[in-house]
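Reading through the structure tokens given below for one structure.
Just so you know, all these numbers are worked out from the coordinates, no wet-lab data involved. Computed from a prediction, not measured in an experiment: that's the story for all the values here. Ideal geometry is used to build each Cβ from the backbone, glycine not excepted, and the neighbour counts take in all protein chains shown.
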Amino acid sequence: MNTSFVNTARLLGAGLRALLVLTLVTGVIYPLVVTGIAQGLFHDKANGSEIQADGRVVGSSLIGQSYNLPLKQGQRTADPDLRWFQGRPANGLGTNTVNTRYKLILSGATNLSADSKDLIQQVENAKSAVVRDNSVPGYRVDPSDVPADAVTSSGSGLDPAISPQYAALQVHRVAARNRLSVAVVEKLVEDHTQGRTLGFIGDPQVNVLELNIALRNLTAGT
């Protein structure tokens, strides 16, 4: 038998065995081990940091949601449902036209510069809306008290949390809309305010979805 043919066959056989072994190790064993470790040690994070209410998943603690009223006839942009705490603006999000049954949102920033007239106008409009929506009898929001996260979207547009300052600014409006005392709603915000990671990383924040779930539970019997 030709020696070169034997050598070629031997090399092909070795290559095929290596392919099968590496496929088994990297394509089956390694994913199973990593998945098992993730599920065992980081079950919540591995499954998308899901938040449940009434026995079903209602969202993720990592992705913000909108709390709007149903669209009225002729409306293109829904009005916020002022019974609930509102998250950050999401001006950078794209729209989904492929799957209209489930309205997906696309992460993105506005990509507008700091001196953009469009961005400045967006911020001014958002500030006016925050002042108007959150001013109730006996409590008026001063424009100077409106924090940055109330009028600007983040780079991703998917922020699930707001600053304690923005949450506090909404307390009087939420209390009035839900016929609760201001003290009760303030305590709700306080209980859902998360401190800095490890005490020094990031800023204190309030997860809006978790806060609104607690608010709904509080008002369920009223």
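Between the Cα long axis of helix 164-178 and the first principal axis of the chain there is an angle of about 60°, rounded to the nearest 10.
Straightening the chain between ARG132 and SER60 buys 22.9 nm, computed as 0.36 nm per residue apart minus the Cα-Cα spacing.
Considering only chymotrypsin sites (Phe, Trp or Tyr not before Pro) in DSSP loops that have at most 11 other Cβ atoms within 10 Å, the longest stretch of the chain without any of them is 103-199.
Against the chain, whose longest principal axis comes from its Cα atoms, helix 182-191 is set at around 20 degrees.
This ranking places ILE120, ILE162 by how few other beta-carbon atoms lie within 10 Å of each, fewest first, which gives ILE120, ILE162. Estimated from helices alone, the mean residue ellipticity of the chain at 222 nm is -13500 deg cm²/dmol (sum of -39500 (n - 2.57) over DSSP H runs with n ≥ 4, per residue). The Rg/Rh ratio of the stretch 1-47, with both radii computed over alpha carbons and Rh defined as the Kirkwood radius, is 1.44. If the segment from SER144 to LYS45 were pulled out straight at 0.36 nm per residue, it would be longer than the present Cα-Cα gap by 31.9 nm. Ranked by the mean number of other Cβ atoms within 10 Å per residue, highest first, peptides 140-150, 7-17 order as 140-150, 7-17. Stretching ASN111 away from VAL25 to a fully extended chain increases their span by 26.7 nm, per 0.36 nm per residue minus the current alpha-carbon distance. With all pairs of different C-alpha atoms in the average, the Kirkwood value for the hydrodynamic radius of the chain is 21.3 Å.
Taking the C-alpha atoms only, the angle from helix 3-24 to the longest principal axis of the chain is near 30 degrees. Remark: spin-label model distance SER156-LEU198 equals 1.9 nm, labels positioned 7 Å along the Cα→Cβ axis.
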